[in-house]
Amino acid sequence: PNHNTWYEPLDTPEEIERAVHWVLGEPDIFLNTVGDIKLLPQVLDAASRFEQRPPAADMQALVQTQSLTSLFGISA
């Protein structure tokens with residue numbers, strides 16, 4: 001898909017949910033608003049269903065399969 005961002009966002013509901021839930025489960029970080037307005041409803045939906053942070057192994061799998069990198073040099 002073509003997104004209106006300078007970066008390649010996660011765009012499947014499963015990926016978005018895992019990432020949003022991981023962020024919301026980390027007390028020392030916050031969730032930035034998604035850059036592509038078309039993805040915002042998915043992010044808000046995932047946030048509304050947050051119960052707990054996914055296991056670190058699940059997030060690490062997402063990082064590896066999507067080749068995610070930190071903008072700030074922080075590892076997931």
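The values are calculated or read from the model by the stated rules, or taken from the named source; none is laboratory data. Remember, it's a predicted structure, so these values are computed and weren't measured experimentally. Methodologically, a virtual Cβ is constructed for each residue, glycine included, from the backbone with ideal geometry; neighbour enumeration extends over all protein chains shown.
General remarks:
- Criterion: of a type in the set (V, I, T), in a helix (DSSP H, G or I), surrounded by 14 or more Cβ atoms within 10 Å (Cβ to Cβ) and modelled with pLDDT under 95 - qualifying residue of V43, V63, V34: V63
- A single member of D28, D11 is in a loop (DSSP other than H, G, I, E, B), out of contact with any strand residue (DSSP E or B) (no Cβ under 9 Å at 6 or more places or on another chain) and in contact (Cβ under 8 Å) with a residue 24 or more places away in the chain, and it is D11.
- Test set (1) at pLDDT below 90; (2) more than 12 Å from the chain's Cα centre (by Cα) - Q52 fails condition number: (1)
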